[in-house]
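Colleague: Starting off with a structure, shown below.
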Amino acid sequence: MTTDREFAVYGMSEEAIRTEYMESLTARTCGMDMLVAGILSDCQELLVMDPERSAERIRKQLNVAKFILFTYKETA
């Protein structure tokens with residue numbers, strides 16, 4: 001269940017980040033570093049396409065990337 005805080009920060013629950021990102025095929029085959037790099041690349045593309053309308057989505061995706069980095073660091 002997504003809390004108000006999780007939705008405000010990530011746009012999804014922390015559990016969804018774990019299952020949709022950290023347990024994804026990309027994460028398993030390429031590693032967490034490439035998973036985070038992919039999220040950052042997506043943010044770059046959003047900046048090019050429509051920076052003003054994408055700002056909130058970019059902010060949340062950057063927070064997802066940070067969550068993955070910090071969670072992975074704790075388990076590695």
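Read the figures in this text as sums done on the coordinates, not as results from a lab. The structure presented is a predicted model; accordingly, all values stated were derived computationally and were not measured. Here the Cβ is made from the backbone with ideal geometry for all residues, glycine too, and neighbour counts use every protein chain on show.
Colleague: What are the equivalent ellipsoid semi-axes of the chain, built from the alpha-carbon gyration tensor (square roots of five times its eigenvalues), in whole angstrom, biggest first?
Modeller: The three semi-axes for the chain are 20, 17, 9 Å.
Colleague: Here's something else I'd like to know. Can you give the local net charge around residue 22? Use residues other than it whose beta-carbon is closer than 14 angstrom to its beta-carbon, Lys and Arg +1, Asp and Glu -1.
Modeller: Net of charged neighbours comes to -2.
Colleague: Counting helices only, and only those DSSP H runs with n ≥ 4, report the 222 nm mean residue ellipticity of the chain as the sum of -39,500 (n - 2.57) divided by its residues, in deg cm²/dmol to the nearest 500.
Modeller: -24500 deg cm²/dmol
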